[in-house]
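Following: one structure in structure tokens, then a few remarks.
The values are calculated or read from the model by the stated rules, or taken from the named source; none is laboratory data. In this text, all values refer to a predicted model and were calculated from it rather than measured experimentally. Cβ sites come from the backbone with ideal geometry, for glycine too, and all protein chains shown count toward neighbours. Side chains included, ligands, DNA and RNA excluded: accessible areas come from the protein's heavy atoms. Shrake-Rupley method; radii C 1.70, N 1.55, O 1.52, S 1.80 Å.
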Amino acid sequence: MCIRDRLDVLTTFAERALALNYVKPNLVEEPGISIDAGRHVVVEQMTNNAFIANPVLLTEQRKMLIITGPNMGGKSTYMRQTALIVLLAHIGCYVPADNATIGLVDRIFTRIGASDDLASGRSTFMVEMTETANILHNATDKSLVLLDEIGRGTSTYDGLSLAWACAEMLALKTKAFTLFATHYFELTMLAEQISTLANVHLDAMEHDDNIVFMHAVQEGAASKSFGLQVAQLAGVPKTVIKRAKQRLSELEQQQSPSIQPASIQSDAFEQLSLAPDEHSVLTTLHDTDINELSPRQALDLLFSLKEQL
């Protein structure tokens, strides 16, 4: 980058910092993220209402936040603004907050939003799992990880189990700084079993079957997800909402699915690592020079791999 381009970037940073009331972040070598009254750089400029600023605190003793709360309550905004503030601090820009102390972060990983890849034959859930796998394989204890609604693309039990196991691995083995948004309230039980994990929620108020989003982050788990109220706001017919309430009442009287392990060992994933990480088929492919195979040898190899499945 030439001098002119550098000056252009730096003067833009300075102009934006003055115009938008940004502050100088304090970059430190100690790991952790502490943000007072953080804001989203885009959302606060696009909304007609006053933006609700929120704090973030991640330390070595508080490395993962399980974030619950209603749809449209602000969970994704809260996660993304944290990542943007960390990124801005690392590129030398002032940040949208009252105060920010940022430890060095090696990478930022995100799994947010729903999308598919039809051209490659990949469903929304397959894309979600592929991105999640990349995070679990590559994140470190100095990474910032954002996970939003892991497991929602499959059945309740499958999705809850996957979300639970991913949260455990990130908390116990990877030990990355993690913001984990979910509607699986069962995951909030992890805070009782893993000391470095805490629950926070986005606040909302209910009045006469209507919902008011407070967009304020509070300590502790949310009491409910307000899904029916959001559906009503979206214009779902009242007869459907009424029937959904009846069915919800019936389901709540039944035993809800939950995962309650007897105990969680801090070395649980270290013990799992004693088993082979890869399937034998992958090992064989990894050790084979495909370019050296004749067509007949390649066909024999294919049959051999099929027998191993």
For this session: Match the structure shown to one of the listed values (i) 221; (ii) 161; (iii) 133 of volume of the Cα convex hull per residue in Å³, computed from it, and give that label.
Result: (i)
Problem set entry | Thr154 accessible area, 1.4 Å probe, all protein chains in place, Å² to nearest 10 | 50
For this session: Over the stretch 1-68, average the accessible area per residue using a 1.4 Å probe and give it in Å², no decimals.
Result: 64
Exercise. How many percent of the accessible area of the chain is carbon or sulfur, using a 1.4 Å probe?
Worked result: 54
Exercise. Roughly how many Å² is the accessible area per residue of the stretch 179-248, as a whole number, for a 1.4 Å probe?
Worked result: 55
For this session: Determine the dipole magnitude for the stretch 1-44: charges of +1 sit on the beta-carbon of Lys and Arg, -1 on that of Asp and Glu, nothing else is charged, the reference point is the Cα centre, and the result goes in debye to the nearest 20.
Result: 160
Seminar exercise, completed: Summing -39500 (n - 2.57) over every DSSP H run of at least 4 in the chain, dividing by its residue total and rounding to the nearest 500, the 222 nm mean residue ellipticity is -11500 deg cm²/dmol
Problem set entry | Most mobile of Thr47, Thr288, Thr174 in a GNM of the chain (Cα contacts under 10 Å) | Thr288
For this session: At 0.36 nm per residue, minus the direct Cα-Cα distance, what do Ala298 and Glu60 gain on full extension? Give it in nm, one decimal, please.
Result: 80.6 nm
For this session: Assuming R0 = 25 Å, can you tell me the calculated FRET efficiency for the pair Asp289 and Ser123, based on Cβ-Cβ distance, to the nearest 0.05?
Result: 0.15
Seminar exercise, completed: 1/(1 + (r/R0)^6) with r = Cβ-Cβ of Ala234 and Thr156, R0 = 22 Å, i.e. FRET efficiency to nearest 0.05, evaluates to 0.50
Exercise. Put a dot 7 Å past each Cα toward the Cβ at Val212 and Thr140; how far apart are the dots in nm?
Worked result: 4.8
For this session: Find the lysine pairs in the chain meeting two conditions, Cα atoms under 26 Å apart and a separation of 8 or more places or different chains, and report how many there are.
Result: 18
Seminar exercise, completed: With all protein chains in place and a 1.4 Å probe, Ser223 shows an accessible area in Å² (nearest 10) of 110
